[in-house]
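Read through the structure below, which is laid out as structure tokens, and then see the notes.
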Amino acid sequence: MKNFNYRFILTIIVFIFSGFEFQSCTNLPSPKKNNNKLTAEIRFINKGYEKAIRFFKKDYVSFFPKELDSNFVDFTDSFSPKMGEVGLYLTCKLTNNNLTKYFAKNAIATYYPLDTCLLVVNRFAAKTNFYNIKISMKDKILINRSCYKNKYPIPNFYATKFSINSTACKLSKDFTIYVLDSRYGKYLNDSLLTDGRYMPANWSNGMSKGVAISKKKHIIIYWLTIW
């Protein structure tokens, strides 16, 4: 499979409409109605999304929607370890409250952006520096803290549409982060993995996946990160 050494952030504003027979971002069937313009836009976006999904093993992305529809907000993918991770982030409108209950029930850990101790993958990346990260002596203290002992890694959401700079994970306080699975080890070829320089030794390489949900914004972010 071809490896892509680039990241693209594809954001499109799509007004609420009907017109699809496949499953939505929130896994609800969408009613039928013709809208050729919006159908063409979503189909175009789906090609990139489906290509990104196929890059990963099925069990890594099984909880992601199979296709996108009018609930789609944006998605970001990364296939270069130079960017600190290989990952996929899909943001959708949250129209099914049962999804929150489902993910809360199946999460192995739940975190909040204002938690005082978060183990964040690619912690120091931002939209302005992700290709040339430089950290201070003060930043180095954040790489390996004793409070990380029983924590699972979560992403740095800096490249998503709802990112902010005031929290460690770059999400606002109204989000809840549900970790569905997280494991230490090598889950891609070595050529696609980072050197783990910004992670504790026991998490130098690994995989983590889950969702982040804001009931206030009615937003769900599906995420997978491998480093």
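Brief remarks follow.
- Neighbours by Cβ (under 6 Å, 6+ apart or cross-chain): first from region 74-96, within 15 Å of Glu50 (Cα to Cα) and surrounded by 19 or more Cβ atoms within 10 Å (Cβ to Cβ); second modelled with pLDDT of 90 or more and basic (Lys, Arg): Asp74/Lys161; Thr91/Lys161
- Residues that are closer than 27 Å to Asp181 by Cβ and surrounded by fewer than 12 Cβ atoms within 10 Å (Cβ to Cβ) within region 120-155 comprise Ser146, Cys147, Lys149, Asn150, listed in sequence order.
- Entry remark, region 183-227: residues being more than 25 Å from Lys66 (Cα to Cα) and of a type in the set (Val, Ile, Thr) number 1 in total.
- Residue in region 136-152 that is under 30 Å from Asn96 (Cβ atoms) and of a type outside the set (Lys, Arg) present: yes
- Restricted to region 167-216, and to residues there that are under 17 Å from the mean Cα position of the chain (by Cα) and aromatic (Phe, Trp, Tyr), the residue that is surrounded by the most Cβ atoms within 10 Å (Cβ to Cβ) is Phe175.
- Within region 57-103, if we keep just the residues that are closer than 29 Å to Met199 by Cβ and among the charged types (D, E, K, R), the residue that is modelled with the lowest pLDDT turns out to be Lys82.
- The criterion of at least 1 residues that are in contact with a helix residue (DSSP H, G or I) (Cβ under 8 Å, 6 or more places away or on another chain) and of a type in the set (Gly, Ala, Ser) is met, among strands (runs of 3 or more DSSP E) falling completely within region 110-227, by 206-214.
- Of all the residues in region 61-109, those that are in a strand (DSSP E or B), farther than 19 Å from Cys25 by Cα and of a type in the set (A, V, I, L, M) number 2.
The values are calculated or read from the model by the stated rules, or taken from the named source; none is laboratory data. Nothing here was measured: the structure is a model prediction, and the numbers come from that model. Please note: Cβ atoms are built from the backbone with ideal geometry, for glycine as well, and neighbour counts cover all protein chains shown.
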